[in-house]
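Novice: So that we are looking at the same thing, I have put the structure below in structure tokens.
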Amino acid sequence: MWRWAVEEWLGLNVVVDLNRCQGYAQCAFLAPEVFTMHGEESLLYHPVVPDGQLEQVRRAAVACPVQAIVMGEEAGAGAR
């Protein structure tokens, strides 16, 4: 529980594997302040989760049908 509080304070990273993303837009529906569709197939996103959006981004990551969203330490390590 303490770990999530630290992530919220420091800012959580999120990365989308755009090669894996198929444009289902579940993330844009669940966390529109972080993920937006540009046209019908291109996804734009903010790599640092804004304050108050952590739970919405977690739900978006879980809802992604192709599991293209990576959060936390995994997003900061090899994903850049």
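Coordinate-derived values only; no laboratory data. Worth saying up front: this structure is predicted, and the values here are computed from it rather than measured. Note: ideal-geometry Cβ built from the backbone for every residue, glycine included; neighbour counts use all protein chains shown.
Novice: Pop out the ³J(HN,Hα) list for region 31-45 in order, Karplus 6.51 cos²θ - 1.76 cosθ + 1.60 with θ = phi - 60°, rounded to Hz; leave Gly and Pro as x.
Specialist: After applying 6.51 cos²θ - 1.76 cosθ + 1.60, I find 9, x, 7, 10, 10, 9, 8, 10, x, 8, 10, 9, 9, 10, 8 Hz.
Novice: Can you compute the modelled spin-label distance between GLU55 and SER42, with each label point 7 Å from Cα toward Cβ, in nm?
Specialist: So the two model labels end up 3.4 nm from each other.
Novice: For region 35-60, list residues with backbone N below 16 Å from a point placed 7 Å from the Cα of VAL66 toward its Cβ?
Specialist: The answer is 36-45, whose backbone nitrogens lie closer than 16 Å to the label point.
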